[in-house]
1. I'd like to know if the range 132-141 contains one or more residues that are in the same structural domain as His54 (by TED's automatic domain parsing), in contact with a helix residue (DSSP H, G or I) (Cβ under 7 Å, 6 or more places away or on another chain), outside any loop (DSSP other than H, G, I, E, B) and over 21 Å from Ile94 (Cα atoms).
2. Which one of the conditions (1) at pLDDT 90 or above; (2) under 19 Å from the mean Cα position of the chain (by Cα); (3) among the charged types (D, E, K, R) does Asp77 fail to meet, given that it meets all the rest?
3. Could you please give the count of residues in the range 172-204 that are more than 25 Å from Phe66 (Cα to Cα) and in a helix (DSSP H, G or I)?
4. Name the strands (runs of 3 or more DSSP E) wholly within the range 278-393 that hold at least 1 residues that are within 25 Å of Cys235 (Cβ to Cβ)?
5. For Leu162, indicate whether it is within 29 Å of Trp283 (Cα to Cα) and of a type in the set (A, V, I, L, M, F, W, C).
6. From the set of residues in the range 1-53 that are of a type in the set (D, E, K, R) and under 14 Å from Leu70 (Cβ atoms), which is modelled with the lowest pLDDT?
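The values are calculated or read from the model by the stated rules, or taken from the named source; none is laboratory data. From a predicted model like this one, the values you see are computed outputs, not experimental measurements. Virtual Cβ from ideal backbone geometry, glycine too; neighbours counted across all protein chains shown.
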Amino acid sequence: MRGLRLTSSSLRASLIFPVLKTLGRGIGWFFHLSGEGLENLSALDPPFLILANHASNLDPVFVNLFAPSLIRFVASDSLIRTPLSHMLFALMDIIPITKQVADTGTLRGIFQARRDRRIISLFPEGHATWDGTTLPLTPGTARLVQALRVPVITATIRGAFLAAGRWRRRAVRGPVSVQFHTPLSPDDLTTLSPPAVEDLLASRLAHDEWEAQKQEPLPLLGPRAEYLERTLFLCPSCLSHGTLRSSLHTLSCTVCGLAIQVDPFGFLHGPIPFTTMKEWNTWQRGTYPSLLSSLPEHSPILSAPASLLTGPLRTRPRLLSSGTLSLHRTHLRLTTPSGNHTFPLDRIRGLNIQKHERLEFLLGPTLHRIAFHDPRTSAYLWYFSLHLLKEHP
């Protein structure tokens, strides 16, 4: 790389990168990882910015395996809340961000990486897709890209959602590819308005896993339906929520007996009007709000066994109590043998879902993490319900 200044950050990166890349090759082998447009990546010298669609928790590994040096990823600060993960975070030079909360420290880290002439990467959707289609970009992405004044290369990750998407508890073998597009120069971006830049980036990052599967089907090896209920929470037959259960290649409703089969390419088969998770998710997001508003006023909307962990931001939260978590129209409540913990919805901020489907939010300066006891519980259903109730109390 021409003109690289060996700062302490870049020196550490040059030492750790060969080790991480060697370890990452095992992941690449498992997923039959392939790259396209690598000439676009090799044509650039740092600093530059990589923007990619967010399909799975393994996306940083997939992208970095094709990079010429260690990338400084912007990633959730939930990854630094244990001593081991904090050490790995430091070794990988990751820039932490607190999701759903304004974080000037993240911006300082990004601009420092530019001064250090590093490769920077972020996933501008903010979190991984629920159904295999690219989400809207987070506000401010265009202005950040313009302010950095470095070349920008967009990348499309295909196959990761089906093989290792956030709904899965364990990844299955399936082909994954990363396509790097033609770079955009700083001049390409600064001559456009922020809305035009956002539209340009959104069009480049747009990806529909299901349309790609229809055009070029990629097979999956392993259980195809396991943990689908983490994303698909509303039964299209009886309209019950939280009653779907998966086993190997089948998703069934425990109330009405509906049974859906998932084929080797991820498509759905059964007495429903959908063939993809995208279609099902679009339907449930449109249908559930009216069902939610029609539920009895004083009865719990959702209920599940869970543990509550609390602590300062960017530290490991400690177990406070365990019991039954219930969602009501104005509050969350954890009922335990020693008493209740109640959280008014209008005081909750920074609501998000972290790895392993943990629900997190801030109440004042304190982080609260909800860990559901049943790994099949849909944190997405709780997250969506909370957003609806906060927006329309």
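1. yes
2. Here Asp77 meets the rest and fails (1).
3. Kept after step one, since they are more than 25 Å from Phe66 (Cα to Cα), are these residues of the range 172-204: 187, 190-199.
Next, only the ones that are in a helix (DSSP H, G or I) stay: 187, 190, 194-199.
Of the residues in the range 172-204, 8 are more than 25 Å from Phe66 (Cα to Cα) and in a helix (DSSP H, G or I).
4. The qualifying strands (runs of 3 or more DSSP E) are 302-312, 318-327, 331-336, 348-354, 358-363, 366-372.
5. When the stated conditions are applied, Leu162 passes them.
6. To start, the set of residues in the range 1-53 that are of a type in the set (D, E, K, R) comprises 2, 5, 12, 21, 25, 36, 39, 45.
Keeping just the survivors that are under 14 Å from Leu70 (Cβ atoms) gives 12, 21.
Values: Arg12: 63, Lys21: 79.
Filtering the range 1-53 for residues that are of a type in the set (D, E, K, R) and under 14 Å from Leu70 (Cβ atoms), the one modelled with the lowest pLDDT comes out as Arg12.
Okay, residues lined up against (1) closer than 28 Å to Ala164 by Cα; (2) in contact with a Leu (Cβ under 6 Å, 6 or more places away or on another chain); (3) hydroxyl-bearing (Ser, Thr, Tyr); (4) surrounded by 18 or more Cβ atoms within 10 Å (Cβ to Cβ):
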position: Ser290; (1), (2), (3), (4): no, no, yes, no
position: Ser293; (1), (2), (3), (4): no, no, yes, no
position: Leu334; (1), (2), (3), (4): no, yes, no, yes
position: His368; (1), (2), (3), (4): yes, no, no, yes
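To keep it simple, each residue is scored yes or no on (1) modelled with pLDDT under 95; (2) loosely packed, with under 15 Cβ neighbours inside 10 Å; (3) in contact with a strand residue (DSSP E or B) (Cβ under 9 Å, 6 or more places away or on another chain).
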site: Arg318; (1), (2), (3): yes, yes, yes
site: Ser322; (1), (2), (3): no, no, yes
site: Phe343; (1), (2), (3): no, no, yes
site: Glu391; (1), (2), (3): yes, yes, no
